[in-house]
Amino acid sequence: MIIQKTREEIELMRESALIVSKTLGMIASEIKEGVTTLHLDKLAEEFIRDHGAVPSFLGLYGFPNSLCMSPNAQVVHGIPNNTPLESGDVISVDCGAFKNGFHGDHAYSFEIGDVAEETKKLLQVSKESLYVGIREFKAGNRVEDVGNAIQKYTESHGYGVVRELVGHGLGQKMHEDPEMPNYGKRGRGKLFVEGMVVAIEPMINLGTKNIKQLKDGWTILTADGKPSAHFEHDVALIDGKPEILSTFAYIYQALGIVSNEEDEFRKVPLVI
């Protein structure tokens, strides 16, 4: 069952989402060669708590940390550890924050040092596919319209779209209806309704779409060992159109990137 949110609840969700956005912006300033993911995880937990929220992932289904940190061939659900990051790595950082009874949850894939050009392109196309999918999250459309758009865009570049892992509804629970796959056929799936909030999150592989899981019960890897990319936004359906509650602006501010990619999905310009 899709849980529709009131405008007031959506504003509370925006607050939770922006705590995640600010956390990822802080991580963007700290993530570099020689730093361990466990160190970054501790910084994130402190930052989230200092902003009056609780890390959503810590203890969720038994997960041991505040961030999912998944480098290179790890797709998602990587567990932070003491292995230093190296130049050439790419890493998905997925973060959640719970405040005022609602979750925020989104992710960004970072480049460390000198990254291979084919991997840079994977990240670029995967991020572009996120917005391609968000454009289909509108009144009159259905779940698989979003997935179909993401699938077509990324597969046209020769990439593999993960099937076993999907986006999801978001609210008082981290995972609500509906599931939001990154593949599908137009016109299929649940109809979008006003006030719903979803986390749209393409998980795109440089090579095969197939994956495997480590014995830790969490970490998901590409089956061929090639890199994967992961980007995620929280999006509400307001007046029949998609409105992004999260932002990558804090990341871009830290990295010196200028972008207007989110502007079309905001009624009011974001002030950071």
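The values are calculated or read from the model by the stated rules, or taken from the named source; none is laboratory data. Given the structure is predicted, the values throughout are model-derived calculations rather than measurements. Here the Cβ is made from the backbone with ideal geometry for all residues, glycine too, and neighbour counts use every protein chain on show. Just so you know, the surface numbers come from the protein's heavy atoms only, side chains and all, with ligands and any DNA or RNA stripped out. Shrake-Rupley method; radii C 1.70, N 1.55, O 1.52, S 1.80 Å.
Things to note:
- Residues (among the β-branched types (Val, Ile, Thr) and either open to solvent by less than 10 Å² (accessible area, probe 1.4 Å) or more than 20 Å from the chain's Cα centre (by Cα) (or both)) located in the stretch 161-218: Val161, Val162, Val193, Val197, Val198, Ile200, Ile204, Thr208
- Residue tally, condition touching a Gly at 6+ places or on another chain (Cβ under 6 Å), hydrophobic (A, V, I, L, M, F, W, C) and within 18 Å of Gly240 (Cα to Cα), over the stretch 137-179: 3
- Considering the stretch 62-87, the residues that are in contact with a helix residue (DSSP H, G or I) (Cβ under 8 Å, 6 or more places away or on another chain) and outside any strand (DSSP E or B) include one that is farthest from His39 (Cα to Cα), namely Gly78.
- Flag for Ala223 being buried (at least 21 other Cβ atoms within 10 Å of the Cβ) and either closer than 18 Å to Glu155 by Cα or at pLDDT 95 or above (or both): no
- Once the stretch 49-64 is narrowed to residues that are among the hydrophobic types (A, V, I, L, M, F, W, C) and within 23 Å of Asp216 (Cβ to Cβ), the residue that is most open to solvent (accessible area, probe 1.4 Å) is Leu58.
- Positions within the stretch 103-122 being in contact with a Ser or Thr (Cβ under 9 Å, 6 or more places away or on another chain) and open to solvent by 10 Å² or more (accessible area, probe 1.4 Å), in sequence order: His103, Tyr108, Glu111, Gly113, Asp114
- Of all residues in the stretch 24-34, those that are part of a loop (DSSP other than H, G, I, E, B) and surrounded by fewer than 16 Cβ atoms within 10 Å (Cβ to Cβ) total 3.
- Odd one out for Glu11 among (1) of a type in the set (Asp, Glu); (2) surrounded by 19 or more Cβ atoms within 10 Å (Cβ to Cβ); (3) under 20 Å from the mean Cα position of the chain (by Cα): (2)
- Cross-chain or 6+ apart pairs with Cβ under 9 Å, the stretch 81-96 first and on the phi > 0 side of the Ramachandran plot and at pLDDT 95 or above, then assigned to a strand (DSSP E or B) and surrounded by 13 or more Cβ atoms within 10 Å (Cβ to Cβ): Gly88/Glu111
- The condition of being open to solvent by less than 20 Å² (accessible area, probe 1.4 Å) and modelled with pLDDT of 95 or more holds for Thr37.
- Any hit, the stretch 125-138, residues being open to solvent by 70 Å² or more (accessible area, probe 1.4 Å), assigned to a helix (DSSP H, G or I) and of a type outside the set (Val, Ile, Thr): no
- Contacts under 6 angstrom Cβ, first residue in the stretch 14-26 being of a type in the set (Ser, Thr, Tyr), partner open to solvent by 40 Å² or more (accessible area, probe 1.4 Å), 6 or more apart: Ser16/Lys99; Thr23/Phe47
- Consider the stretch 239-272 and keep the residues that are polar (S, T, N, Q) and surrounded by 14 or more Cβ atoms within 10 Å (Cβ to Cβ). The one that is farthest from Thr6 (Cα to Cα) is Gln253.
- When the criteria are applied in full, Phe110 fails the requirement of being part of a strand (DSSP E or B), at pLDDT 95 or above and more than 14 Å from the chain's Cα centre (by Cα).
- Matching option when the condition is closer than 27 Å to Ser156 by Cβ and without any contact (Cβ under 8 Å) to a residue 60 or more places away in the chain, among Phe192, Phe248: Phe192
- On inspection, Phe47 qualifies as at pLDDT 95 or above, over 25 Å from Asn205 (Cβ atoms) and not in a strand (DSSP E or B).
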